[in-house]
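Student: My questions will all concern the structure given below.
The values are calculated or read from the model by the stated rules, or taken from the named source; none is laboratory data. Only a predicted model underlies this, so the values are computations on that prediction, with no experimental measurement involved. Virtual Cβ from ideal backbone geometry, glycine too; neighbours counted across all protein chains shown.
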């Protein structure tokens, strides 16, 4: 098994943290992992993305040209990455912000209103955890239990008070995905 996942959006949306969380969870499961972040000099408001490769075997190269999974948080990311998902892959779209459509019938598309759902939970910055939960419901790159324990261990000290609501956001993402797609 080898999965190449890209998380992409604006700086400040938790894109890089989502990728780090997936990478740490995969390491906790004893898998091979690479994590490569990329962000503009503006940070908040600029573009940000990261690629995470998870494998049961050593990874030959961390560079990826086609992804198994793309998790897109904004419209520019959708326009850039929708064509780079491999046939049979997964595209998770934050439909609260993204207006573009996938224009593909050879991939699974999960339409997740992550930002509005996060707002309903009381914190718009939870959209990234909703997107992570949705992704794992459809494509279990790591187990949700491992993601939960990794989130508990890796949430920065200044945000520890947000642990429970982050865990609820992961569950919300799972529920939203299962409403559209039940994995085999």
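Student: Condition check: touching a helix residue (DSSP H, G or I) at 6+ places or on another chain (Cβ under 9 Å), free of Cβ contacts under 8 Å to residues at least 60 places away in the same chain, surrounded by fewer than 21 Cβ atoms within 10 Å (Cβ to Cβ) and over 19 Å from residue 174 (Cβ atoms). Does residue 123 satisfy that?
Tutor: No: the conditions fail for residue 123.
Student: Next up: Go over the candidates 150, 108, 146 one by one and state the one that is more than 12 Å from residue 18 (Cβ to Cβ), surrounded by fewer than 24 Cβ atoms within 10 Å (Cβ to Cβ) and in contact with a helix residue (DSSP H, G or I) (Cβ under 6 Å, 6 or more places away or on another chain).
Tutor: On inspection, the qualifying residue turns out to be 146.
Student: For segment 141-152, which residues satisfy the criterion of being out of contact with any strand residue (DSSP E or B) (no Cβ under 9 Å at 6 or more places or on another chain) and touching a residue at least 40 places away in the same chain (Cβ under 8 Å)?
Tutor: Passing the criteria: 143, 146, 147, 149, 150, 151.
Student: Here's something else I'd like to know. Specify which of the listed residues (58, 87) is in contact (Cβ under 8 Å) with a residue 12 or more places away in the chain, surrounded by fewer than 14 Cβ atoms within 10 Å (Cβ to Cβ) and in contact with a strand residue (DSSP E or B) (Cβ under 7 Å, 6 or more places away or on another chain).
Tutor: 58
Student: If you don't mind, there's one more thing I want to ask. With respect to residue 70, determine if the residue is assigned to a loop (DSSP other than H, G, I, E, B), in contact with a strand residue (DSSP E or B) (Cβ under 9 Å, 6 or more places away or on another chain) and under 20 Å from residue 130 (Cβ atoms).
Tutor: Criteria not met by residue 70.
Student: Still on this model: Applying the selection to segment 47-67, what residues are outside any strand (DSSP E or B) and under 17 Å from residue 36 (Cβ atoms)?
Tutor: 58, 59, 60, 61, 62, 63, 64, 65, 66
Student: Being over 11 Å from the mean Cα position of the chain (by Cα) and within 18 Å of residue 61 (Cβ to Cβ) is the filter here; which residues of segment 1-22 pass it?
Tutor: 1, 2, 3, 4
Student: On to the next question. Scan segment 15-33 for residues that are modelled with pLDDT under 95, surrounded by fewer than 23 Cβ atoms within 10 Å (Cβ to Cβ) and in contact with a helix residue (DSSP H, G or I) (Cβ under 8 Å, 6 or more places away or on another chain) and jot them down.
Tutor: 17
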